[in-house]
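The values are calculated or read from the model by the stated rules, or taken from the named source; none is laboratory data. The structure displayed is predicted, hence computed values, not measured ones. Cβ placement follows ideal geometry from the backbone for every residue including glycine, while neighbour counts extend to all protein chains displayed.
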C-alpha cells in the first residue's frame, strides 16, 4: 500500500460513500427525472382535467374529437380526464410500498448480518416462508378476505417484496464484515448501531438503489395488476390498471381508452427500471475496480 | 482394512453431500405445511357462510345446522384443518360449491392447460435467450446490443398484463387481426388442438423471460470470452464459431441455470394475471373465478397447486445457487 499513508489512515481508508457516484449515472438521473415528472403530472392532473372523470360526456367508445381529445371509454366518460386523474392511488401507494420494503428489508438485513445468532436464523427462515408464496396469490387471498383497502394493499406489497430486499442486502453486507474499516471500528469499541449506520449502510448504497428502483417497478406492477383483475382500486374510481380491464373489449374500436393508461403505466415502471439499471452498472463498475 | 476406511470416507462423503439437500427438503416440507395452513385460514376467513351460500336465502335454520354438521363446520378449526389436509393427501379435494363437480377433476383440467402454457413458454424461452444473449455479446456495445439492453430494461419493468395488452392490440384487435384476443379452449380439449389460442399468452410470458435470461447469457459469454482459456483457443487458430459453440457457450450456460429456474417460478406465479387477460382456462383464471364466487375448495386447491409449483422451482434455483457458491468457495480455497 502507499507508504505515504500512516497505518491509521490506511486502515480507515474505505470506498468513498456511494451516493454521489450513483447520481453521476445518466440512467439514474433520467429515471429520477421521469419519476418526478410523472408525479407532478399525477398531482396536477385532476386539476387540469377538462371533465369530471366519473361523468359521461358522450356515447361509449366515441373516437377522439374536439370534445374528448382521446375519445370516450366504455361508459362514455372522457378518457383524457380519466388518465389525468387515474394515477392518484398508484402515485402514493407504489412509492410508499417500495420505500417501506427497502427500508424494512435493509434494516432486517443489516441488523441480522451484524449481530448473527438465533434471531438471525429465525428471521431469515420466516422470510424464506414468505418468499415461498407468489406475491399476487397472497395479495389476492387477503384482499378477497378483507376487501380492497389501499392500506391493506400497501401492506401486502411490502410483505411480498421486503423478503427479497432483505436477502439481497444481507448478501451485500456480509462480505463487508471482514473489511479493515469495520474491524477497526469494532476494535476501538464503536457501538453496533453506529457501525451499521456509518460503515455498513453507505457501502450497500448501490444495491439499495437497485432494489429501490426494481421494487418501485414491481410495486406499480402488482398494484396495477390487482386493479386489472378487479381486486385493487374499485370502480367508479379512475385508475390506470382498472381502465385497461374496463375498456379491453373496446380495444378494436377505441384503442386510446386502453393505450393511454398503458402508456402511463409503462412510463412509471420505466422510471424505476432506469434507476435500477443505472445503479447496477455503477455497482458492476466499482466491483470491477475492487 | 484400507478398503474399509475408504468406504467409510465415501459414506461420510455421501452423507455430507446429502445433508444440505435433506435439510432443504425438510425445510421445504415445513414451508409448504405453513403455506397450506395460511391458505386454509385465509379461505376460512372469507366473508359469507358456506352453508348459507349452498342452500340460499330460503333455507331454514334446521337445514343450515344439518348441512354444517355434514360439512364438518361444527368441528373445531384445527380439526377441520387436519381433515382437510388428510383429504388433500389422499387425493380427495372436495367438491366445488358453485357447480358441484369434484375439485380434483376441475383441477386436473386447469393444471394440464397451465402446464402446457408454461411448458411451451419455457421451451421457447430457453433456446431463444441463449441465441439473443450470444448475438448481443458478439455485437457488444454496438447499436443492436444497446437496443437489446434498452428493450430488456423495459420488458422487465413493465407488468405482464401491459405486455399482453400491447400484444393483443398489435396482433388481435387493432393493428393486425391474425390471432385471437381470447384463448377459447373447450373443457377437456388439449390446448395443442388450438395452437393459435396459445400464441399470445405464451408470447406474453416469453418476452420478459427472454429479455431477463438473455442479459445473463450476454454477460456470461462476455466474461468467458475474456478468459485466458478462450484467448489460448484463439491463438491456436480455432475458428470463431468453434470457439463460441464448443468452448464459450457451454461455460456460459451454467450460470443461467438457477436464473432459469427462477424465471420458471415467476412464470408459474404470473399465470394468474396472464390467464385472466386471455381468459385462458388454467389454474390462474380458475382461481380468480373461484375468488369471485367464494368457492372455498376450489380456491384452496388452486392456490396450493400454484404455490407448490412456485416453491419447487424456487427450491431448484436455490440448490443450484448454493452448489455454485460451494464450488466457488472450494476454488478460492484451492
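Would you be able to say whether some residue in region B:179-188 is away from every other protein chain (no Cβ under 13 Å), out of contact with any helix residue (DSSP H, G or I) (no Cβ under 6 Å at 6 or more places or on another chain), closer than 30 Å to residue B:298 by Cα and crowded, with 19+ Cβ neighbours inside 10 Å? Taking every residue of region B:179-188 in turn, none turns out to be away from every other protein chain (no Cβ under 13 Å), out of contact with any helix residue (DSSP H, G or I) (no Cβ under 6 Å at 6 or more places or on another chain), closer than 30 Å to residue B:298 by Cα and crowded, with 19+ Cβ neighbours inside 10 Å. Is there a residue being assigned to a helix (DSSP H, G or I), within 19 Å of the chain's Cα centre (by Cα), crowded, with 23+ Cβ neighbours inside 10 Å and at pLDDT below 85 anywhere in region A:234-252? No - not one qualifying residue is present in region A:234-252.
Considering region A:63-78 alone, what residues qualify as being assigned to a loop (DSSP other than H, G, I, E, B) and either in contact with a helix residue (DSSP H, G or I) (Cβ under 7 Å, 6 or more places away or on another chain) or touching a residue at least 12 places away in the same chain (Cβ under 8 Å) (or both)?
Within region A:63-78, the subset assigned to a loop (DSSP other than H, G, I, E, B) is A:63-71, A:73-76.
Matches in region A:63-78: A:63, A:64, A:68, A:69, A:70, A:71, A:73, A:74, A:75, A:76.
For region B:268-278, the count of residues that are touching a helix residue (DSSP H, G or I) at 6+ places or on another chain (Cβ under 8 Å), surrounded by 15 or more Cβ atoms within 10 Å (Cβ to Cβ) and either at pLDDT below 80 or more than 14 Å from chain A (Cβ to nearest Cβ) (or both) is nonzero.
Restricting to region B:141-166, what's the tally of residues that are outside any helix (DSSP H, G or I) and more than 14 Å from every other protein chain (Cβ to nearest Cβ)? Going through region B:141-166 one residue at a time, the tally reaches 1. Looking only at residues in region A:25-56 that are at pLDDT below 85 and out of contact with any helix residue (DSSP H, G or I) (no Cβ under 8 Å at 6 or more places or on another chain), the one that is surrounded by the fewest Cβ atoms within 10 Å (Cβ to Cβ) is A:55. Of the listed requirements (1) more than 14 Å from chain A (Cβ to nearest Cβ); (2) closer than 15 Å to residue B:281 by Cβ; (3) crowded, with 16+ Cβ neighbours inside 10 Å, residue B:133 misses just one: (2). Considering the conditions (1) touching a helix residue (DSSP H, G or I) at 6+ places or on another chain (Cβ under 6 Å); (2) away from chain B (no Cβ under 14 Å); (3) not in a helix (DSSP H, G or I), residue A:206 is excluded by exactly one of them, (3). Check residue A:212 against each of (1) more than 22 Å from the chain's Cα centre (by Cα); (2) more than 10 Å from every other protein chain (Cβ to nearest Cβ); (3) in a helix (DSSP H, G or I) and name the one condition it does not meet. Of (1) more than 22 Å from the chain's Cα centre (by Cα); (2) more than 10 Å from every other protein chain (Cβ to nearest Cβ); (3) in a helix (DSSP H, G or I), only one is false for residue A:212: (1).
Any residue at all in region A:121-130 that's within 17 Å of the chain's Cα centre (by Cα), in a helix (DSSP H, G or I) and buried (at least 17 other Cβ atoms within 10 Å of the Cβ)? Can you show your working first?
Step one: list which residues in region A:121-130 are within 17 Å of the chain's Cα centre (by Cα), which gives none.
No, because not a single residue in region A:121-130 is within 17 Å of the chain's Cα centre (by Cα), in a helix (DSSP H, G or I) and buried (at least 17 other Cβ atoms within 10 Å of the Cβ).
Taking the listed residues B:213, B:244, B:198, the one that is more than 14 Å from every other protein chain (Cβ to nearest Cβ), surrounded by 18 or more Cβ atoms within 10 Å (Cβ to Cβ), in contact (Cβ under 8 Å) with a residue 40 or more places away in the chain and over 29 Å from the mean Cα position of the chain (by Cα) is B:244, with no other qualifying. Does residue A:257 satisfy being buried (at least 24 other Cβ atoms within 10 Å of the Cβ), away from every other protein chain (no Cβ under 11 Å) and assigned to a loop (DSSP other than H, G, I, E, B)? Taking the combined requirement at face value, the residue does not satisfy it.
Do you know which residues across region B:93-103 are in contact with a helix residue (DSSP H, G or I) (Cβ under 9 Å, 6 or more places away or on another chain) and exposed (fewer than 14 other Cβ atoms within 10 Å of the Cβ)? Once the filter is applied, which keeps residues that are in contact with a helix residue (DSSP H, G or I) (Cβ under 9 Å, 6 or more places away or on another chain) and exposed (fewer than 14 other Cβ atoms within 10 Å of the Cβ), region B:93-103 yields only B:99.
The residues of region A:144-163 that are modelled with pLDDT of 85 or more and within 11 Å of chain B (Cβ to nearest Cβ) amount to a single one, A:160. Residues in region A:212-230 that are over 14 Å from residue A:240 (Cα atoms) and surrounded by fewer than 24 Cβ atoms within 10 Å (Cβ to Cβ): A:212 only.
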